[in-house]
Every structure is written in structure tokens, then in C-alpha cells.
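Below: one structure, written as C-alpha cells.
What follows is calculated from the coordinates using simple rules that are stated; it is not laboratory data. Keep in mind that what you see is a predicted model, and the values were worked out from it rather than measured. Note that each Cβ is placed from the backbone with ideal geometry, even for glycine, and that neighbours are counted across all protein chains shown.
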């Protein structure tokens, strides 16, 4: 009986932890703001847009190609420019998930509503 209760608690704790790592409806106040210089833009994963910077840190727009963004348009507008990223935070820390991408006063992508 005691091991059944432990297993149930472990199951609920695991479900909570996994759910806490899922990024849904991020808010500006729950993001880390980071400025980078964009050095590369390419497709990665499942229609994700990957953005690389001078420190070789990779950031991504989840399924960005399904949301009307194109690699060519982003390269034309933001390549080799300073960009402001809002990176979603999770229970595990700051992710590499871009919630908002801005260059100067132009917002090229946002998940904020």
C-alpha cells in the first residue's frame, strides 16, 4: 500500500514538472530580455526558425515557418543587426524559446497578446 502511494505521488510530481516546462502563452514579465547580434538564420526542427548570434548561442521561434514567417524575409530585415529577444522562462530556468523578436522599433514576431 505504501509503495502505491509513493508511485502515485511520483506520477503527479512528474506530470507537474513536465507541464511546468511547456511554454504556453508567455507574458512579457515572465521573460528574460536579451540583446544579441543576429549572425545566422535557418530552419531547424519541425518548421522552427533558428537564430544564431556572435556567441554561437541558438534561439528559436517554435514552428515559425507555420506562422507566416520566412527565412528570406528575416534575413533581409534582421541579419547582422542587433535584436532584442524576450526568452520565455520555465521552472527549469530561461529557455531559448523566443516569445518576441524586435529590431529597433519593429516587432518581427511576438506571442504576446
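Against the globular-protein guess of 2.2 N^0.38 Å, express the Cα radius of gyration of region 25-110 as a ratio, rounded to two decimals.
0.99
What is the calculated FRET efficiency for residue 110 to residue 39, with r their C-beta to C-beta distance and R₀ = 30 Å, to the nearest 0.05?
Step by step, r from the Cβ atoms, then E = 0.85.
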